[in-house]
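One structure is given below, encoded as structure tokens.
The values are calculated or read from the model by the stated rules, or taken from the named source; none is laboratory data. Everything numeric in this text was worked out from a predicted model, so none of it was measured. Here Cβ is always computed from backbone atoms with ideal geometry, including for glycine, and neighbour counts include all displayed protein chains. Side chains included, ligands, DNA and RNA excluded: accessible areas come from the protein's heavy atoms. Shrake-Rupley method; radii C 1.70, N 1.55, O 1.52, S 1.80 Å.
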Amino acid sequence: MGFLSRLRNDTYPAIEDPEAGDATETIEKRDEAAVIEESKIPPTIVSYHVTPEMEKRYLRKLDKVLVPLVSGLYLLSYLDRSNVGNAKIAGMQTDLKLTTSSYTWLLTIFYISYIIFEFFALMWKVIPPHIWAAFCVVSWGIAATLQAAAYSWSGMMAARFFLGVFEAGFGPGIPYLLSFFYLRQELGFRIGLFLSAAPLATCFAGALAYGITSGDPPTIANWKLLFLVEGLPSVCMGVAVWFLLPDSPGKARFLDEEDLKIAKRRGLRQSGSEKIHRIGRIHWPDVAVGLLDVKNYFTALMYFSCNVSFSSLPVFLPTILSEMGFTNVDAQGLSAPPYFLAFLLTFSTCYLADRTQQRGLIITILSLVGATGYIMLATTSSVGPRYAGVFLAAAGVFPAIGNILPWVLNNQGSDTKRGMGIVMLNTIGQCGPLLGTRLYPGGEQPYYRKAWENRKLDKKFGSVARMDARGGLDGGVQAEIGEGDEDDGPRFRYVL
């Protein structure tokens, strides 16, 4: 309107009336103020409308590229860390002259380095993700492959230490990376798909180990061949991820111009601004806030208790099955089916939690399922019930982990707080494997009852109070300019 007023003044002669001149000046000032105020509104709100169909199409593009890529990488990661259990009964224990104690240290050293380097999770916000991911994947692939070259316990210890260093830079940070691309009500399902690669990897490891060790002995030892076959693909994928992984929605090559506008609009919904590239710096005051947030400690302790089982079951299950009376080859194959069930439940329960925005109740139910499985393993001696207990244990532990991770991200009000929450979750939670990898001493075989009794207590930890947690979408808090749903502000709500 200020523009139209000036246009009228240019077209018609000015009227020599002081009062009229004052009135015109007042109108112009008011109209100019309106233009300035309007300019503060982000252009995406004014000029671009995103329909649900457009957003679904945008999500399908992300889901076709981003989720399969990070899930595949995590599958390789988990395969490389847990195949030592299959290698043990494929001849490694005999060739390297491993005692129960020395084998336990091979498991423990991985998690010592994994815990020490947990701060690497924040590197996803500092270094462009495609560079950081490529570095981590190639490095752990080399470390995993070099396990095949080990001729002594000390050589294997060194390889597994560096395997833990580089895997610490990848896996814990992926849920944090996904929070840059997905809204809170979408995030849990994608993290569930990502984490379901862990039981799928364990399932695949059992089947692959069965295939490698069931034939005639090759010129190279079966356990060495296992490390080579499962380690080299990680090196190849590390090179590919440099070109395939987008740093942010704004830098995704597979998105068109319309998709980039949708990404801007979604960035506004998340953080109250149009920024779609959130990599580059850490907000240090939020680091301190994250360290003092009691919620991070509760979820970290829950993660600790679940990780006791999450870390130990894959590396000991082949041994447990062989102690039930199965041959080593059959034990490799029978370790796969329980993890396929866990794979299905991980992403299905995460999807349900996204739909209901209620994670605490689901985690409690899953913990009880896992506890039931461990009780069956502790109290029965026949093969059938104990193998059924393995199914329940895997079906409870893996999906519970899958729901704890998005819970942490949902309940932090900035990118830096979310990153710090992930660091704390893993630093404390990954201490669980230090206990878990020592729960099955050789002297407790074949039933390992001391381990099961301790686990029953671990699995009952984590029940939380229940309340409505639909993000405040139904109610009186309306979005203002500069306010997002996922950063601190009137629209931020906790997920319980």
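Along the three principal axes, how long is segment 169-272 when you take its alpha carbons, biggest first, rounded to the nearest angstrom?
Rounded to whole Å, the extents work out to 61, 26, 23 Å.
Lys and Arg at +1, Asp and Glu at -1: add these up for the other residues within a Cβ distance under 14 Å of Gln147 and post the number.
Residues close to Gln147 contribute a combined charge of 0.
Stick to Cα atoms and the Kirkwood definition of Rh, then tell me Rg/Rh for segment 103-254.
That ratio equals 1.01.
Expressed in nm to one decimal, what extension gain is obtained for the pair Met157 and Ala240 from 0.36 nm per residue of sequence separation less their Cα-Cα distance?
So the extension gain works out to 27.0 nm.
Total Lys pairs in segment 43-157 closer than 24 Å by alpha-carbon, pairs eight or more apart in sequence or interchain only?
The number of close lysine pairs in segment 43-157 is 4.
Can you tally the net charge around Tyr114? Count Lys and Arg as +1, Asp and Glu as -1, for every other residue whose Cβ sits under 12 Å from the Cβ of Tyr114.
0
Which net charge results for the neighbourhood of Phe170, defined as the other residues with beta-carbon distances under 14 angstrom from its beta-carbon, given Lys and Arg at +1 and Asp and Glu at -1?
-2
For Ile220 and Arg355 in the same chain, what is the full-extension length gain: residue separation times 0.36 nm, less their Cα-Cα distance, in nm?
Gain on extension, Ile220 to Arg355, equals 43.6 nm.
Whenever you get a sec, compute what percent of the accessible area on segment 53-173 sits on carbon and sulfur atoms (1.4 Å probe).
The value for segment 53-173 is 72 percent carbon and sulfur by accessible area.
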